[in-house]
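The values are calculated or read from the model by the stated rules, or taken from the named source; none is laboratory data. No experiment lies behind these values; they were computed from the predicted model shown. Neighbour counts run over all protein chains shown; Cβ positions are idealised from the backbone, glycine included. Heads up: the accessible areas ignore ligands, DNA and RNA and are worked out on the full protein's heavy atoms, side chains in. Shrake-Rupley method; radii C 1.70, N 1.55, O 1.52, S 1.80 Å.
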Amino acid sequence: MTTLLLRLSAPLQSWGTSSRFTRRATDLVPSKSGIVGLLAAAQGRRRTDPLEELLSLRLAVRTEQEGRLERDFQTAARQGERTPVSVSTRHYLADAVFLAAVEGDRNLLEGLQDALRRPHFPLFLGRRSCPPVGQLDHGLHDGSAVEVLGAQPWHAAPWFRKACKRPRAFLDLVADCDPGEPRAELVRDEPRSFDPHHRQWEWRSVLRHKPIEVDNPDFRGEATSSWRDGRRDLDFLGAL
Amino acid sequence: MPRTIVDIHVLQTVPPSNLNRDDTGSPKTARFGGVVRARVSSQAWKRSTRTAFQSLLNTAELGVRSKRLVELLGDEIRRQDPSLTETAPQFAKDVLTAVGIKTTPPRNKKDAPEESGYLVFFSNRQVTSLAELAVEAARTGEAVNKTEARKRADTEHSVDVALFGRMVAEVTDLNVDAACQVAHAISVHAVENEYDYFTAVDDHKQEDVEEDAGAGMIGTVEFNSSTLYRYATVDVDRLQDNLGDDKAARRAVEAFARAFVLSMPTGKQNTFANRTLPDAVLVVLRDTRPINLVGAFEEAVTGQSRIAEAIQRLASHATDVHTAYVERPLAAWTFGPGERLAPLSALAERGDVDATIAALGEAVAARLA
């Protein structure tokens, strides 16, 4: 098994899977639909083209930096008029960084890596106004998506790691799983067609894995025991 | 055909102002690098660029125009529906009549398809959508809808949509992907919104001696001031695809660059008179992928000489990114007032706005040819 690692970072990014009408939401992690769309755009597939082998990819996402939810108020008016015909609220994740691992056939992933270096269409993270910052492609690795993410160092921005003030951090991991899995959650996020006249998604089963523990290379000083970070510190109770 | 991408980076300072506000009247903000930054949404600046663009580009000057419209449309109809091979010219003529273009048989050429009386510019997309109209008319047996045909034949709208994409969802524009991408503009430093408390004096009441000295109306206006980093990219190949004509693509790129750099959203402009021009502009021509340099400002700029530091950071980040990822831009130009621009003029050819846009147009035209 081979996995392609992507680092998704931008001042604003948005991954919607459940938006309705004028309220455009974002999930707290990148969606499979958004990432398949990004890869398809890099390859040069039009929205009306079939997705074929991209549908066989498996995705796992690790949250390096959660970011904050931002709400953007947007109006659209016809040219020359002042009264808007459309008023919508769009949500974004600001200041977030994610590591996405895409697992699949090695040849396909090598082709995708090349496509990301010279994308056919301009790339964006969820919405067109969110171009990615920094290097998207972080190489091909052996192993499954979850294994690769378990071994990666912390890819958050240096200021965030410094502000964390702890020697180790716990990062959330969300991955594709089999539909029969007991703790699976369902998201309408399995893309079938991006054709603007008939967009289609099917149900995707995702599993929240145990958080991955990583070293904080920007930690300076003594570890402090902090009860503010309840969930993390209570982990030691498992040993009792 | 070689790949052509135009990246435009702008550093622009605005004085106390409220260019773009949300539903509560506050200037828009975003957190980046852990601090709150001023933000002007991508849609706000895209709209003002779009408005300026339309006044800069005279569609009458666009490149390939033809009289052989029946032939042009006929071929597309045949491509979409091969069963209409024989009747394609007739349907093409019907659509053109619905649009309001009269066609007559050309002189001295027997059996040649009819031509219009004057030159008309139709982008690829328009030809496709007009042909779709004809195919539908053939299928349903009804006459071609005049309003629909006229809408699809609107060239100004077409060039605009090819570059910016649809703004208000229209079914005919559903399949268009914009050739340009505009990012949200964010400030390079941390920003705090401030309030201006104002009163409005009731003149009549003021003149009346018996009345109290109270104001007629009181309120607050929220504002901030910032140095914004703005970024836009034009995918020239996609634009040429959408328009179907090299010369039109070149003119559109030039007009877009000028409109993006010089325009500004009009929010609260009468209250604050905030129309400024950019402190620094960097235009980069590349052949691999668009590269956004906002990473230069992830760590917020602090210090007194903010603009100079921002320019320095932009230049060094650009150099670092190009070195790390082995990117070699095809060409780069920069312009802006004063000596502060020095770090950028080490990376790019320094000129003025007209020289840069002319050079950009030439370079784009050479690559499209």
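A residue that is under 22 Å from A:Gly111 (Cβ atoms) and touching a helix residue (DSSP H, G or I) at 6+ places or on another chain (Cβ under 8 Å) occurs nowhere in segment A:19-34.
What about B:Leu72, is it outside any loop (DSSP other than H, G, I, E, B), open to solvent by 50 Å² or more (accessible area, probe 1.4 Å) and closer than 30 Å to B:Val253 by Cα? Answer is yes for this residue.
State yes or no: is B:Arg107 surrounded by fewer than 21 Cβ atoms within 10 Å (Cβ to Cβ), free of Cβ contacts under 8 Å to residues at least 24 places away in the same chain and over 17 Å from B:Ala131 (Cα atoms)? Walk me through how you get there before you give the answer.
Working: surrounded by fewer than 21 Cβ atoms within 10 Å (Cβ to Cβ): yes; free of Cβ contacts under 8 Å to residues at least 24 places away in the same chain: yes; over 17 Å from B:Ala131 (Cα atoms): yes.
When the stated conditions are applied, B:Arg107 passes them.
Tell me, which helices (runs of 4 or more DSSP H) lie completely within segment B:197-314 with 3 or more residues that are open to solvent by less than 10 Å² (accessible area, probe 1.4 Å) and in contact with a Leu (Cβ under 8 Å, 6 or more places away or on another chain)? Spell out how you get there, then give the answer.
Details: elements: B:203-207, B:236-243, B:246-262, B:269-272.
Fully inside segment B:197-314 and qualifying: B:246-262.
Residues in segment A:87-106: is at least one at the interface with chain B (Cβ under 9 Å from one of its Cβ atoms) and among the hydrophobic types (A, V, I, L, M, F, W, C)? Within segment A:87-106 (the criterion being at the interface with chain B (Cβ under 9 Å from one of its Cβ atoms) and among the hydrophobic types (A, V, I, L, M, F, W, C)), the answer is yes, since at least one residue qualifies. Among the residues examined, A:Thr63 does not qualify as β-branched (Val, Ile, Thr) and within 14 Å of chain B (Cβ to nearest Cβ). Evaluated against (1) under 17 Å from the mean Cα position of the chain (by Cα); (2) closer than 19 Å to A:Thr75 by Cα; (3) open to solvent by less than 60 Å² (accessible area, probe 1.4 Å), B:Thr51 falls short on exactly one condition, (3).
For (1) within 14 Å of another protein chain (Cβ to nearest Cβ); (2) assigned to a strand (DSSP E or B); (3) modelled with pLDDT under 90, each residue gets a yes or a no:
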position: B:Gly25; (1), (2), (3): yes, no, no
position: B:Ala30; (1), (2), (3): yes, yes, no
position: B:Thr49; (1), (2), (3): yes, no, no
position: B:Gly63; (1), (2), (3): no, no, yes
position: B:Arg79; (1), (2), (3): no, no, yes
position: B:Pro89; (1), (2), (3): no, no, yes
position: B:Lys93; (1), (2), (3): no, no, yes
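Looking only at residues in segment A:14-62 that are surrounded by 15 or more Cβ atoms within 10 Å (Cβ to Cβ) and of a type in the set (Lys, Arg), the one that is farthest from A:Leu186 (Cα to Cα) is A:Arg45. Looking across segment B:32-48, the residues that are open to solvent by 20 Å² or more (accessible area, probe 1.4 Å), touching a strand residue (DSSP E or B) at 6+ places or on another chain (Cβ under 8 Å) and closer than 28 Å to B:Gly165 by Cα come down to B:Gln43, B:Lys46.
Entry remark, segment A:108-141: residues being under 17 Å from B:Asp237 (Cα atoms) and either more than 12 Å from every other protein chain (Cβ to nearest Cβ) or open to solvent by 30 Å² or more (accessible area, probe 1.4 Å) (or both) number 3 in total. Checked against the criterion of being open to solvent by less than 40 Å² (accessible area, probe 1.4 Å) and assigned to a helix (DSSP H, G or I), segment A:74-86 contains not a single residue that satisfies it.
Give the residue, chosen from B:Ala98, B:Ala52, B:Ala44, that is at negative phi and without any contact (Cβ under 8 Å) to a residue 60 or more places away in the chain.
Details: B:Ala52 fails: without any contact (Cβ under 8 Å) to a residue 60 or more places away in the chain; B:Ala44 fails: without any contact (Cβ under 8 Å) to a residue 60 or more places away in the chain.
Result of the check over B:Ala98, B:Ala52, B:Ala44: B:Ala98.
Among residues of segment B:278-302 being of a type outside the set (Asp, Glu) and closer than 14 Å to B:Arg340 by Cβ, the one that is farthest from the chain's Cα centre (by Cα) is B:Val301.
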